[in-house]
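Taking it in order: structure first as structure tokens, then the write-up.
The values are calculated or read from the model by the stated rules, or taken from the named source; none is laboratory data. Keep in mind it's a predicted model, so treat the numbers as computed, not measured. We place every Cβ from the backbone using ideal geometry, glycine too, and count neighbours over all the protein chains shown. To get the accessible areas, we keep the full protein, side chains included, count just its heavy atoms, and leave off ligands, DNA and RNA. Shrake-Rupley method; radii C 1.70, N 1.55, O 1.52, S 1.80 Å.
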Amino acid sequence: MDRVPVAETDRLSGWNKKRSMGRLLEQRVQTHQPDEVILLELTQYEWSLLWKKIPATLSAIVFVQPPHICSRLKREFKFLKTRLLLCRNVWRTLYFLNGDGTARILRERFKRVRTEFSGVPDPVIEWAEGVGASVDVDAGRSTALYFGAVSRRKGFGVLVDALLMLPVSIQKRLELVICGKPEDPVYFSDELNRLRGHGGALKLTVEAAFLEEFRVKAYFEACDWVLMPYTRPEYSSGVLGLAARAGKPVLGPEGGLLGSLIQEYGLGRSCAITPDSLKNEIEKAVTSGISFNRERAAVYAGERTPEAFARILLGRNE
């Protein structure tokens, strides 16, 4: 196995990283002469691959799905960038997580290219048998879980705004559990201090780090519902699958791919991701809960197994 040293990628950031990832890929291809390269996340390579030609056939998983981008200007720019990528290198397949609809749209839009477009299930990992633990949550409060990488694009700042607007009577009935490593520690600290400095009655539990599997499972099992106030709903999220697997409803965006999935499978409630709308929906969730289609949630998780993901990615659809 030839792994790029972690130290070599960790020191990269911003535009330097966008340029360098293509160079690192080119070096590995020249060394190993593969017939095909599969990129498990195109995002970090796409800018460099606009001008760098890789001497191998490429396939990739695309996270950001153009048809679900809310802004028309950004959506058309993403389509243009995709066209340029397809022209610069040889691509066998572009895969879209939970993106069967996206694949159909791109097949129609790029009829003359030889690249295949395919949806692929966003895999929901089964928790290991016997893995479990208890976590302390306040049984007298409604428990909302915000899980995963804490960031602006996942709406943490909007969530803080909404929570600060809640009446004290609702804050007294709510516990917010935040679990995940911040993408920007300074931003996270500032937002958390803003929330704590308000002096309200909201109860906070914070684990700002990657969690072991048994603690992830415990928090999903202990919570009443899962917060997904994402401002970028045009890509899939593993958190949605984890919530469905645990049988817990979500509160997420009404637009984009995530909004479509929440509504199609009855996975919870969706709303506009603004402080006012989110505040109103949190208030409703505390007072009356969130409706949830448990049977459809089980279907959602059952359709998205790692085995189904691997079969499509490896071209074994039998």
### Filtered residues of the range 99-114 (kept if open to solvent by 20 Å² or more (accessible area, probe 1.4 Å) and either in contact with a Pro (Cβ under 8 Å, 6 or more places away or on another chain) or not basic (Lys, Arg) (or both))
Asp100, Gly101, Ile105, Glu108, Val113
### Query
Would it be correct to say that Arg72 is under 25 Å from the mean Cα position of the chain (by Cα), open to solvent by 80 Å² or more (accessible area, probe 1.4 Å) and either at pLDDT 95 or above or of a type in the set (Ser, Thr, Tyr) (or both)?
no
### Query
Any idea which residue in the range 77-123 is nearest to Val239 (Cα to Cα), counting only those that are among the aromatic types (Phe, Trp, Tyr) and in contact with a strand residue (DSSP E or B) (Cβ under 8 Å, 6 or more places away or on another chain)?
Phe96
### Task
Inspect the range 198-217 for any residue being buried (at least 20 other Cβ atoms within 10 Å of the Cβ) and either within 24 Å of Ile125 (Cβ to Cβ) or not hydrophobic (A, V, I, L, M, F, W, C) (or both) and give the result as yes or no.
yes
### Count of the range 124-145 residues which are outside any loop (DSSP other than H, G, I, E, B) and closer than 17 Å to Ser237 by Cα
1
### Test result for Val226, more than 20 Å from the chain's Cα centre (by Cα) and either of a type outside the set (Phe, Trp, Tyr) or modelled with pLDDT under 90 (or both)
no
### Matching residues, the range 17-71, being among the charged types (D, E, K, R) and touching a residue at least 40 places away in the same chain (Cβ under 8 Å)
Glu36
### strands (runs of 3 or more DSSP E) lying entirely in the range 223-318 (those with 3 or more residues that are closer than 26 Å to Pro67 by Cα and open to solvent by 10 Å² or more (accessible area, probe 1.4 Å))
268-271
### Message
Of the residues Ala149, Ala201, only one is modelled with pLDDT under 95, more than 18 Å from the chain's Cα centre (by Cα) and not hydroxyl-bearing (Ser, Thr, Tyr); which?
### Response
Ala201
